[in-house]
Amino acid sequence: LGDVYKRQVWVGFAPFSAQQGKTYPEAPAREVVRLLAGRYDRVFVHGGGGVEAGFAQEMERMYPNVTAVYGKVRLAGEMDLISHLDCVVSMDSLVMHLASLMATPTVSVWGATHPGLGFLGYGFGQEGVLQTDFACRPCSVYGKKPCKYGDYRCIWSIEPQMILDRVERLVGKTE
C-alpha cells in the first residue's frame, strides 16, 4: 500500500460502536456512505461481524468504489490500511483510537459520550471532533446508560452533510 503508488483520496467510515448511544444510526450512515462515495475515490467501511458486516457488504454492492473491510484483513492489515487513508470518520470507538495511533486525520463523531471525559484519541486535535451540545450530554461516560429521552437525539443531530463538510475541511475537496 505504499504511498508511492496511491494517487487517490481514500476515506474510512466506521459508524459502529458497542453501545447504541455511540453508534451512528443506519439511515444517516447510508447517506454518509453515499456522500463519501460520490466525492472521494475509495471509501472503506470498517466494522465487525453480524449486522455491521451486513451493512458494509450492502454498501459495497451499492457503490463500486466502496469496500467492506470486515473479514478481508486482520488487525495488522486494518492498521496498515488506516495508516494510508486520507481521513477516517469514526464514532467514539476502536477505529478512532487506531487512526489516532496511525496519525491519520479523523472526524470523530460523539453522541451520548463526550471527548472531554478522557477518551479522545491520542494526539487528537479538536478540529476533528464533531458533536452537538445538549443539556443532557454526556449522559454516560462509556455509553452504556440508555438515553433519558429514549431517542438518542444527540447522535441523530449529527447530519450526514455535517460529516462530509468536516471531512472536506480535513482533506480538501475533490470532484
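A few comments on the model shown:
- Sparse packing (at most 10 other Cβ atoms within 10 Å of the Cβ) combined with a DSSP loop state is found for the following chymotrypsin sites (Phe, Trp or Tyr not before Pro) in the range 73-132: 122.
- Accessible surface ranking that places the most exposed of 114, 46 first, with a 1.4 angstrom probe: 114, 46
- Across 141, 95, the residue with the most accessible area heads the list, and the full order at a 1.4 Å probe is 141, 95.
- Close amide-amide hydrogen proximity is noted between residue 13 and 44, 45, 46, 89, each under 5 Å apart and 5 or more residues distant or on a separate chain (H modeled in the peptide plane; Pro and chain starts excluded).
- Restriction of the trypsin sites (Lys or Arg not before Pro) in the range 134-175 to DSSP coil positions whose beta-carbon has at most 16 other beta-carbons within 10 angstrom yields 144, 148, 173.
- Global size of the range 55-101: 11.2, 31 Å for Rg and Dmax (C-alpha atoms, Rg to one decimal, Dmax whole).
- Count, lysine Cα pairs under 28 Å in the chain, 8 or more residues apart or across chains: 7
- The residues of the chain present an accessible area of 50 Å² per residue when probed at 1.4 Å with all protein chains retained.
- Heavy-atom accessible area with a 1.4 Å probe sorts 86, 133, 92, largest first, into 133, 86, 92.
- Intensity falloff of the range 19-110 expressed as log10 I(q)/I(0), Debye formula with alpha-carbon point scatterers, at q = 0.23 Å⁻¹: -1.41
- Percentage, to the nearest whole number, of Cα pairs in the chain over 24 Å apart: 30
- Calculated mean residue ellipticity at 222 nm for the chain: -10000 deg cm²/dmol, from DSSP H runs with n ≥ 4 weighted as -39500 (n - 2.57), summed, divided by the residue count and rounded to 500.
- Accessible area of residue 40 in the full protein assembly, 1.4 Å probe (Å², nearest 10): 10
- For the chain, the fraction of 1.4 Å probe accessible surface lying on carbon and sulfur atoms is 53 percent.
- Using a probe of 1.4 Å, the accessible surface attributed to residue 85 totals some 10 Å² when neighbouring protein chains are kept in position.
The values are calculated or read from the model by the stated rules, or taken from the named source; none is laboratory data. This structure is a prediction, so every number in the text was calculated from the model and none was measured. Don't worry about glycine lacking a Cβ; one is built from the backbone with ideal geometry, like all the others, and counts go over all protein chains shown. In case anyone asks, the SASA skips ligands and DNA or RNA and just uses the protein heavy atoms, side chains included. Shrake-Rupley method; radii C 1.70, N 1.55, O 1.52, S 1.80 Å.
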